[in-house]
Each structure stands twice: as structure tokens, then as C-alpha cells.
Amino acid sequence: MAVLGQFRDLDRPDQFVWLRGFADMPSRRTSLAAFYSGPGARHAAAANATMLDSDDVLLLRELVAVPVFDRGTDDSETVLHATIWYWAGPFPDPTPNPEEAVAVLRTEYAVNDFPRLPVREKEHALVWFTRSPLPADVPAGVVKTESLRPRPTRRSSLR
């Protein structure tokens, strides 16, 4: 399991966003089982008590890979823009403009093989990470849009 990004949402100070990456679904199941049953599991109740909602999870796959930067660089002024488009059903992979996309992810339709970590099912999401807000041209078929301004934490590898 790789922690790809850890963020504070500038518009929702009580929310924390993070991205974890796995080589494939079987390694996801193995890694999550080790994480949630390992030595740190004894702190789970205390950690969950600090969170309003720890179950708002999208299962995604990369279309434009999440870049990994040196965690040692501390640019406290970095702000990314995360735009999430939701469709009523599955949608084709877009052809993103690499100049505006830092990373692009979409719903992974594999079965959640680690049910202890619930994921939002029946969601058809496309997530864009960009350095500036996406243009307002929302494609036809988008039924809902979410916008976040995630600021990477000091330990985030996505900046």
C-alpha cells in the first residue's frame, strides 16, 4: 500500500482527504487486512472517535497516474483543485489534457473485496486533480459536481 496523498480541505476544515494506492485488487485486500488487523489496530477506536465520518470512500483507478514527489519538500502554499464529476451510469474514459491534469482517477468497478472498509457503491465518478480550477465546461451527462481545494500536508507525496 502506498499513501499517495494526504490533504486538508481548505473549504471544509473538519475534513481530511487521503489517497492510497495498491498494485491491484488482491494486494489491496491483503494490505488492508494487514493495516486494520496489525499493531496499529489497537488505536482504531480512538482514531475513529476523532472523525465525523470515516466511511466516505470512493474506490478509484488511475487514468493519469498520481505523481509522487519528495515528501521532504514543504511547500505550505501548495493548493490543488479536485473536481469530481458524477454520471448517472458508467462513462467512457476521457482524453485528459496532460497540461491541466496532475492526476485523473475514475470509479473502479471491481467488487469491494474488503467489506470492513465500506466504499460508496453505485457511484460513477471521475476525479480530476489540477493546479487551477477546471474550466466551467461540464460535459453532458454529469449529474453532480463536487469541488475541493485540498492542501497537501507536510507528509503528502502528491503536491
By accessible area (1.4 Å), largest first, Phe16, Phe22, Phe129 order as Phe16, Phe22, Phe129
Rounded to whole Å², per residue accessible area for the chain with a 1.4 Å probe reads 60
Taking the chain and counting helices only, DSSP H stretches of n ≥ 4 at -39,500 (n - 2.57) each over all residues, the nearest-500 ellipticity at 222 nm comes to -3500 deg cm²/dmol
When the charge dipole of the chain is computed with +1 on Lys and Arg Cβ and -1 on Asp and Glu Cβ about the Cα centre, the Cα farthest towards its positive end, among Thr107, Ser132, Ala88, belongs to Thr107
Length-normalised contact order of the chain, Cα under 8 Å, at least 6 apart, in percent, tallies to 37
Simple spin-label estimate for Val138/Ala47, 7 Å along Cα→Cβ, in nm, reads 3.4
Given unit charges at Cβ for Lys, Arg (+) and Asp, Glu (-), the dipole magnitude of the chain about its Cα centre in debye, nearest 20, is 480
Ranking Lys122, Lys144 from most to least accessible area with a 1.4 Å probe gives Lys122, Lys144
One checks the Cα atoms of region 7-159 and finds Rg and Dmax, in Å, of 16.2, 47
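The values are calculated or read from the model by the stated rules, or taken from the named source; none is laboratory data. Given the structure is predicted, the values throughout are model-derived calculations rather than measurements. We place every Cβ from the backbone using ideal geometry, glycine too, and count neighbours over all the protein chains shown. We work out accessible area using only protein heavy atoms, side chains counted, and drop any ligands, DNA or RNA first. Shrake-Rupley method; radii C 1.70, N 1.55, O 1.52, S 1.80 Å.
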